[in-house]
There are 2 protein chains.
Amino acid sequence: MTMPAATRPLRVGMIGIGTVGAGTFRVLARNQATIAGRAGRGIEVVVVAARNLARAAGVVGTGVALTNDPMQVATHPEVDVVVEAAGGTGPAREWLLAAMAAGKHVVTANKALLAVHGNELFAAARAHGVALAYEGAVAVSIPIIKALREGLTANRIEWVAGIINGTTNFILTKMRDEGLGFAEALAQAQALGYAEADPAFDIEGVDAAHKVTLLAANAFGMPVRFADAQVEGITALQGLDVACAEQLGYRIKLLGVARKRDNGGVELRVQPALVPATHLLAHVNGSMNGILVKGDAAGVTMYYGAGAGSEQTASAVIADLVDVARLDGTNAAQRVPHLGFHAHAVDDTIAVLPRAAVHTRHYLRVPVHAAQDIEAVGAWLAAQQVPVAQVALATDKALPPGSGPQVLVLTDAVAQATVDLAVHALAAHKAVAGPVTSLRVEMLDS
Amino acid sequence: MTMPAATRPLRVGMIGIGTVGAGTFRVLARNQATIAGRAGRGIEVVVVAARNLARAAGVVGTGVALTNDPMQVATHPEVDVVVEAAGGTGPAREWLLAAMAAGKHVVTANKALLAVHGNELFAAARAHGVALAYEGAVAVSIPIIKALREGLTANRIEWVAGIINGTTNFILTKMRDEGLGFAEALAQAQALGYAEADPAFDIEGVDAAHKVTLLAANAFGMPVRFADAQVEGITALQGLDVACAEQLGYRIKLLGVARKRDNGGVELRVQPALVPATHLLAHVNGSMNGILVKGDAAGVTMYYGAGAGSEQTASAVIADLVDVARLDGTNAAQRVPHLGFHAHAVDDTIAVLPRAAVHTRHYLRVPVHAAQDIEAVGAWLAAQQVPVAQVALATDKALPPGSGPQVLVLTDAVAQATVDLAVHALAAHKAVAGPVTSLRVEMLDS
């Protein structure tokens, strides 16, 4: 049953030599001996596709073939594994399909590509018996895909909840620490390079939704269902709610959440949510990422690290390459399956629950005409079947100058449908002086 | 190069069916279909060795052979892999050696065994071409061994620092939160089941030293050098220092630290140390564990979870079994090497640095006769080449009733030899009214 070890180097073709590609090339070169010692064989970049060949040559030097044509890399006869580091979802899909059809393993950190085309790509990888590795697609420095599908493989995963977008976490940290509004904090993030000139992808929650889609697929062995995820960003978040949450003992974080419910459905959602200030996740600040995983045997574990960066992503891409270097030549049953399960590639019956069925605690902020309206609001909500757990008035410390009184409500767990109905109806209540804000309070201990 | 997938179940022999063994059996049974789906084949316990056969039968039911003789399990002809869940270092060593000599893979969560006999056991595993897996030996619920040797395999690991003993972290959390002394906090931990009746192993730092020894071996590819570790527990820690550290913006945690120095030597040590209150590690409280890893590409990542418990340990043991189930039948070069490196099994040249050479920041508490002695103490330390960064008087809030004035000093990084000399000499200084306390301030960002 024993095969001779593959001792020739693993030959890598890279598509793209920008931030991720150059970082990967640099770390492979710098830690060459160490990585070969761990992989049991060398890992050599033999060909690179780039738009700007002169710039690419500046990165990779001589001894590496260069081409303008990514398809040449994808189908190159001397390449064992293709690293897609170009980004985008259109051509990248075609390159990976071509590479896998040519029998090559592929490695990518392209979360958008996998969130959108993952079902097709994973099916192609299975059909061709090759690995499609993607550790760098989620929270780059943190080996969370490996933790989920290998480290916690004994567990029925109950939920995953994480801060998986550094830009928005930087903005939320600034809003809390310095009392800034969203627009000011975003401007600072842009000035410091933590946010793109066009930040929509991050601040609207799309990037986090790509990542939580992949986490859910791994945690539950379900298809990639990005189109069904409920996605809410932080553009509408007010500094007032950051301060009111603080008064109640909470911090607001943009969370990606995937939760398997007892009925078999999965909540798949991104939204700003309240996290208890005493919880470790509340202390994941600045541009850092932190991901909680609840398993039935391990309990809650957390994984923390940088969610972006050239060499941070390289760390993940190279970990995938080392896995490929070891397991190239084994059959697919001896490799870790793409979404965790050999027995069924994915369980097509697992669906995403609609917004109305999401079940969490809630925070409500209700502007009222006078402080004594607090009693009427509490009583009215209870009458609407909203399970009120706590009612308080916002203190002067939480309120900006000139603000009218605000009733703050924390609920027990309740269906989103009930909350949406109550929030809508509350607008007509005579005590209410303005739009009601509702945010989820994530339940991270059970 | 492709072999047929092994489709018959992996047959497990277990030695010991106490807390760890029973938890493993229970989780394997409960999540049987899921685990088989992930492993690509079933995992079946076929024989169990136990002292009390009636009790063992109560756990495993019928259909599993029982024996009083662990050696029968170790050499059982129908067993593919032996799980050692009995503990202890004497007979367990012999069982594992016998199992490996018989060509069986072995899985253990026995940190003491590996810290003491690891070099011999890993060599035997290599000689016989079998896996010796030990994810459960460190911070059970957290897949930290997998993170270090696979997830971060691209990285030159610079240091590892962690809270890796739940008992002492529970005690330290009580001391800080409730202002208790060590003895009171220990008594509470014992009453609540977080500390053994004989807690020496935990509170003297030995358990943490076993674990950090294994982390160092993995991080640096060095031999297991438990005998060379510097081990200091928390039995001498005073509530006064917990309060004074708090005043300066720090919390005291029992840390296991392994740090590779530029000279190639490794600091390997366990001690109570100051951690900035703003650092995520300072918020790892109660009986939980948290481990920081600094890699040259990934930067700092952190891993958090329960460090003890029946099913928490089972989570790790079963992850190892699934790895074995997949890779049984491959050759050793296709499996992850025991201490991370194929190229050299271990690098024998890597030695542990002596205490005198350890280089950290320090906290000193100097009892003085009068508050104005602060200037003399600061000046005297600077004259002794101690790089003083901050000097303060303990406030009334930090001091217990009746305490004399205390000068608090934080230093920049300095060799332990310099600090030891200064602390010793300071006792003779006329301003000094009692024994000087020194604690390390761990440098966790660089």
### Query
Long-range amide H contacts for residue A:156: which residues qualify at under 5 Å (H placed 1.01 Å from N, peptide plane, sequence gap of 5 or more or a different chain)?
A:296, A:297
### Query
If you put a point 7 Å past Cα along the Cβ direction, how far is that point for residue B:385 from the same point in each other copy, in nm, smallest first?
7.7
#### Entry: Pseudo-label separations to other copies for residue A:123 - Cα-to-Cβ vector, 7 Å, nm
5.5
### Task
Using θ = phi - 60° and the Karplus relation 6.51 cos²θ - 1.76 cosθ + 1.60, list the HN-Hα couplings for the stretch B:179-190 in order, rounded to whole Hz, with x at every Gly or Pro.
x, 7, x, 4, 5, 5, 5, 4, 4, 5, 4, 5
### Task
Would you mind checking which residues have amide H under 5 Å from residue B:139's amide H? H placed 1.01 Å from N; only 5 or more apart, or other chain.
none
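When you look at the Cβ of every residue in B:290-298, what mean number of other chain Cβ atoms sits within 10 Å? Intermediate values should be presented prior to the final figure.
Working: counts 3, 0, 2, 2, 0, 7, 6, 20, 15.
Per residue, the number of nearby Cβ atoms from other chains is 6 on average.
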## Note on the structure
Listed by chain and number, the residues whose amide H is under 5 Å from that of residue B:250, excluding neighbours fewer than 5 places away on the same chain and using placed H, are B:277
### Query
Rounded to the nearest 0.05, what FRET efficiency is calculated for residue B:178 and residue B:403 with R0 set to 25 Å and r the Cβ-Cβ distance?
0.85
### Query
Tell me, what ³J(HN,Hα) does each residue in the stretch A:365-371 have, in order and in whole Hz, if you take phi through Karplus 6.51 cos²θ - 1.76 cosθ + 1.60 with θ = phi - 60° and put x for Gly and Pro?
10, 10, x, 10, 6, 8, 4
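Quick check: net charge around residue A:186, other residues with Cβ under 11 Å of its Cβ, Lys/Arg +1 and Asp/Glu -1?
Net charge around residue A:186: -2.
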### Query
Of B:318, A:439, A:191, which is farthest on the positive side of the dipole of the protein assembly as shown, counting Cα position, with +1 on Lys and Arg Cβ, -1 on Asp and Glu Cβ, and the Cα centre as origin?
B:318
### Task
Using the charge dipole of the protein assembly as shown (Lys, Arg: +1 at Cβ; Asp, Glu: -1 at Cβ; taken about the Cα centre), state which of A:36, A:372, A:58 has its Cα farthest towards the positive end.
A:36
#### Entry: log10 of Debye I(q)/I(0), alpha-carbon scatterers only, for the stretch B:393-446 at 0.16, 0.24, 0.27 Å⁻¹
-0.62, -1.08, -1.19
### Task
Measure nothing fancy, just the Cα-based angle from helix B:19-30's long axis to the longest principal axis of chain B, in degrees from 0 to 90, nearest 10.
50
### Task
Go ahead and estimate [θ] at 222 nm for the protein assembly as shown from helices alone: -39,500 (n - 2.57) per DSSP H run with n ≥ 4, summed, over the residue count, rounded to 500.
-10500 deg cm²/dmol
### Query
Along its principal axes, what span do the Cα atoms of the stretch B:13-159 show, with the longest given first and each in whole Å?
50, 34, 24
### Task
Sketch the reach of a paramagnetic label on residue A:412 as a point 7 Å from Cα along Cα-to-Cβ, and name the residues of the stretch A:243-276 whose backbone nitrogen lies under 19 Å away.
A:262
### Query
In peptide B:35-42, what is the residue-averaged number of other protein chain Cβ atoms found within 10 Å of each Cβ?
6
### Derived scalar couplings ³J(HN,Hα) [the stretch B:44-59; Karplus, 6.51 cos²θ - 1.76 cosθ + 1.60; whole Hz; x for Gly, Pro]
10, 7, 9, 8, 10, 9, 8, 6, 9, 5, 5, 5, 4, 4, x, 7
### Query
How many angstrom lie between the C-alpha centres of the stretch B:127-203 and the stretch B:301-366?
13
### Query
Over the alpha carbons of the stretch B:14-82, what is the largest minus smallest coordinate on each principal axis, giving the biggest first in Å?
33, 25, 20
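Plugging the Kirkwood radius over Cα pairs into Stokes-Einstein for the stretch B:150-306, at a temperature of 4 °C and a viscosity of 1.567 mPa s, what D comes out in µm²/s?
Details: Rh = 15.9 Å.
So the translational diffusion coefficient is about 82 µm²/s.
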### Query
Expressed as cubic angstrom per residue, what is the convex hull volume of the alpha carbon set of the stretch A:355-441?
85
### Task
Would you mind checking the tilt of helix B:91-101 against the longest principal axis of the Cα atoms of chain B, expressed as 0 to 90 degrees and rounded to 10?
50
### Query
Once you average over the residues of B:309-316, how many Cβ atoms of partner chains fall within 10 Å of each Cβ?
5
### Message
Run the label-point distances for residue A:238 please: 7 Å along Cα to Cβ, every other copy, nanometres, shortest first.
### Response
5.2
### Query
Using the C-alpha atoms of the stretch B:169-210, what convex hull volume per residue, in cubic angstrom, is computed?
63
### Message
From the C-alpha coordinates alone, can you work out the Kirkwood hydrodynamic radius of chain A, in Å?
### Response
23.3
### Message
Please compute, for the alpha-carbon atoms of the protein assembly as shown, the extent along each of the three principal axes and give them in descending order in Å.
### Response
74, 73, 70
### Query
What percentages, rounded to whole numbers, describe P(r) for the stretch A:63-150 computed over all alpha carbon pairs with 5 Å bin width beginning at zero?
3, 15, 26, 25, 18, 10, 3, 1
### Query
Relative to the Cα centre, what is the charge dipole magnitude of the protein assembly as shown, using +1 at the beta carbon of each Lys and Arg, -1 at the beta carbon of each Asp and Glu, and rounding to the nearest 20 debye?
1160
#### Entry: Backbone N under 18 Å from the residue A:443 label point (7 Å along Cα→Cβ), restricted to the stretch A:320-355
A:353-355
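Just so you know, all these numbers are worked out from the coordinates, no wet-lab data involved. These figures come from a predicted structure and were not determined experimentally. Note that each Cβ is placed from the backbone with ideal geometry, even for glycine, and that neighbours are counted across all protein chains shown.
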